[in-house]
Amino acid sequence: MGGPTAHPNGGLKGFCPGAAPPQVKTHLQAQTLATVAVGHQHNHEVTFESIYKQHGVAGLWRGVTGAVPRVAVGSAAQLATFTSAKDWWFGEGSWAAVLAGGMVSGVAVAVTMTPFDVISTRLYNQPVDADGTLYRGFLDCILQISSKEGLLGLYKGIGAVYLRLGPHTVLSLFFWDELRKMVQHQQPPGP
């Protein structure tokens, strides 16, 4: 049997209610003393309430246009490459093939998700004040990064992304595959 299946919008439905916390996390991680600051400093006690008071409901969702495609593209890359790598490249049945398939999938996830991580972070952390915004949206952010920093600018932090997503992908897919095998062995044979 093939790889994991899910409703195509399932991840997006679960993601949308949780889209605001990454904005707060990004603000908190970027906040520091003025003498060592890199990038925009929001200069406020970062909470959902402070962002809401300063920017309204829309302020809580700034950056979501980069985060939603990140989830969709990352999930698609993970599921497609895991099944292909495990079954086609490494042969089915071995736990080593499952781990190798997970490693290949982890690389694919990091490569496909990193540009969206960069875009989301830039949109989350851009200054929004009387002077307006640095990026007008998702596409403008891609175009500005590409023109000012080159295409590799979209891959800043790919090593850290892989160190986070690689082990997560390997372990998640390994345990999913083991659970799938256990369920298949417990089911009676079909007609």
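About its Cα centre, the dipole of segment 52-191 is roughly 200 debye, where the only charges are +1 on Lys and Arg Cβ and -1 on Asp and Glu Cβ.
Modelled this way, with points 7 Å down the Cα-to-C-beta line, the labels at residue 140 and residue 179 are 4.2 nm from one another. A full extension of the chain between residue 133 and residue 58 corresponds to an added length of 25.7 nm, given 0.36 nm per residue minus the alpha carbon distance.
Centre-to-centre, using Cα atoms only, segment 113-191 and segment 52-76 are separated by 13 Å.
In segment 104-191, taking the dipole from charged Cβ atoms about the Cα centre, the farthest positive-side position among 157, 184, 121 is held by 184. Taking every protein chain into account, the 1.4 Å probe leaves residue 138 with about 60 Å² of accessible area, to the nearest ten.
The values are calculated or read from the model by the stated rules, or taken from the named source; none is laboratory data. Fair warning: this is a prediction, and the values are worked out from it, not measured in the lab. All Cβ positions, even for glycine, are placed from backbone atoms using ideal geometry, and neighbour counts span all protein chains on display. Surface areas here come from the heavy atoms of the whole protein model, side chains and all, with no ligands, DNA or RNA. Shrake-Rupley method; radii C 1.70, N 1.55, O 1.52, S 1.80 Å.
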